[in-house]
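Engineer: Could you have a look at this structure, given as structure tokens, before my questions?
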Amino acid sequence: MSIEITISHDDFDIAVLHDALQIGNVQQGAVVTFTGLVREFSQGDNVVALELEHYPQMTEQLLLSIAEQAQKRWQLGRISIYHRIGYLPLGEQIVFVGVSAKHRQSAFDGVQFIMDYLKTQATFWKKEHFSHSSQWVEFKASDLQAQQKWMED
Amino acid sequence: MVTGNDAEQVKLLFFGQLKERLQCANYTIAIKQPLSIKQLKSHLISLQPSWQAALNNDLLIAAVNQQIAQQQAIVKGGDEVAFFPPVTGG
């Protein structure tokens, strides 16, 4: 069992992160990963970039706590969370979440849980840059509903 | 020895849209006795009246020493207090 958490301006290599979940991990039959990207269209305007900031130390602690909850709930093996900060142009990778588990369903659920909690609890803030303006992203009620559904199970 | 008249420092941090509205990322405030988050905010507004609208936003979240805190939570000298809007990462 291991948890790796990285917050960085630098891009990540999915193959390297996937290998770290897989290699030498023969007890587990499933690796599931999610990658979030800067997408083009938001609220009727063309996004040229996202800018992300966070609360150093508090963010790492929160991500560790979220990963520990997921690990316990689904008996996950390895967990890797990588979140970028700074100015990220269109198409760039923002976030990676990957887990290993004995079986597929636990791995899928673990990744979904981590993303739902990350989006509603981890201290990151996102600003969208358009060609002639910029705007802080508003918190979405749908993200909170997605997180809260894990409390009903 | 700390007496009632000695002011102690509290480090304040602001993030996201709040930081931009206040045009301030961090601020040090002196307090003479422990205060609740709510009292600290009032004290801060008395020092920086132009921050009133931005700080009196019900959606703002507070953290004391990097733990999410309610309005009644107590802040004392040496603490780090952060104010920020709802998070939007991922």
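The values are calculated or read from the model by the stated rules, or taken from the named source; none is laboratory data. Since the model is a prediction, treat every value here as computed from it, not as a measurement. Note that we place each Cβ from the backbone using ideal geometry, even for glycine, and neighbour counts take in every protein chain shown. With ligands, DNA and RNA removed, areas are computed over all heavy atoms of the protein, side chains included. Shrake-Rupley method; radii C 1.70, N 1.55, O 1.52, S 1.80 Å.
Engineer: Keeping all protein chains in place and using 1.4 angstrom, which order do A:Asp13, B:Asp79 fall into by accessible surface area, from largest down?
Structural biologist: If we order A:Asp13, B:Asp79 from most to least accessible, we get A:Asp13, B:Asp79.
Engineer: If you don't mind, another one. Which whole-number percentage describes the relative contact order of chain A, with Cα contacts under 8 Å and a sequence gap of 6 or more?
Structural biologist: 32
Engineer: Let me ask you something else. Could you order B:Lys19, B:Lys32 so the one with the most accessible surface comes first? Probe is 1.4 Å.
Structural biologist: Heavy-atom accessible area, descending, gives B:Lys32, B:Lys19.
Engineer: When the Karplus curve 6.51 cos²θ - 1.76 cosθ + 1.60 is applied with θ = phi - 60°, which whole-Hz ³J(HN,Hα) does each residue of segment B:15-22 get, with x for Gly and Pro?
Structural biologist: For segment B:15-22, the Karplus-derived couplings read 10, x, 4, 4, 4, 5, 5, 7 Hz, x marking Gly and Pro.
Engineer: Treating cross-link reach as a plain straight distance, find the lysines whose alpha-carbon is under 23 Å from the alpha-carbon of A:Lys126, omitting any fewer than eight places away in the same chain.
Structural biologist: Within reach: A:Lys140, B:Lys19.
Engineer: Further question: Which pairs break 21 Å Cα to Cα here: A:Lys119/B:Lys38; A:Lys119/A:Lys149; B:Lys11/B:Lys32?
Structural biologist: From A:Lys119/B:Lys38; A:Lys119/A:Lys149; B:Lys11/B:Lys32, over 21 Å: A:Lys119/B:Lys38.
Engineer: Sticking with this one: GNM, chain A, Cα, under 10 Å: largest mean-square fluctuation among A:Gln93, A:Gln57, A:Gln112?
Structural biologist: Sorting by GNM fluctuation, first place goes to A:Gln57.
Engineer: Counting partner chain Cβ atoms within 10 Å of every residue's Cβ in B:80-87, what's the average?
Structural biologist: Averaged over the peptide's residues, the number is 5.
Engineer: Out of A:Asp109, A:Asp45, A:Asp143, any idea which swings most in a Gaussian network model of chain A, alpha carbons joined below 10 Å?
Structural biologist: A:Asp45
Engineer: Any idea of the accessible area per residue across the protein assembly as shown, 1.4 Å probe, to the nearest Å²?
Structural biologist: 53
Engineer: To the nearest 100 Å², how much accessible surface do chains A and B hide from each other in total, with a 1.4 Å probe?
Structural biologist: 1800
Engineer: By DSSP, what percent of the beta bridges with both residues in the protein assembly as shown are antiparallel, rounded to the nearest 5?
Structural biologist: Expressed as a percentage, antiparallel bridges in the protein assembly as shown total about 80.
Engineer: Whole angstrom only: what separates the Cα centroid of segment B:1-60 from the Cα centroid of segment B:66-90?
Structural biologist: Using only Cα atoms, the two centres lie 11 Å from each other.
Engineer: Which of the residues in segment B:13-35 lose at least 40 Å² of accessible area when you go from the chain alone to all protein chains together (probe 1.4 Å)?
Structural biologist: Those are B:Phe15, B:Gly16, B:Gln17, B:Glu20, which lose 40 Å² or more relative to the chain on its own.
Engineer: Turning to a different aspect of this structure: Okay, helix-only estimate at 222 nm for the protein assembly as shown: each DSSP H run of n ≥ 4 adds -39500 (n - 2.57), divide by all residues, round to 500 deg cm²/dmol; what do you get?
Structural biologist: Working: 7 runs with 78 residues, N = 243.
Calculated from helices alone, the mean residue ellipticity at 222 nm is -10000 deg cm²/dmol.
Engineer: Can you tell me the relative contact order of chain B? Whole percent, Cα pairs under 8 Å, sequence separation 6 or more.
Structural biologist: 39
Engineer: Compute the semi-axes of the equivalent ellipsoid of chain B, taking the square root of 5 times each eigenvalue of the Cα gyration tensor, and list them largest first in whole Å.
Structural biologist: 22, 14, 11
Engineer: Which residues' amide hydrogens lie under 5 Å from the amide hydrogen of A:Ser2, considering only partners 5 or more residues apart or on another chain, with H built in the peptide plane?
Structural biologist: A:Arg78, A:Ile79
Engineer: Need the per-residue list for segment A:109-126: every residue with at least 50 Å² less accessible surface in the complex of protein chains than in the chain by itself, probe 1.4 Å, sorted by number.
Structural biologist: A:Trp125
Engineer: How do the peptides B:12-18, A:67-73 rank, highest first, by the average count of neighbouring beta carbon atoms within 10 Å per residue?
Structural biologist: B:12-18, A:67-73
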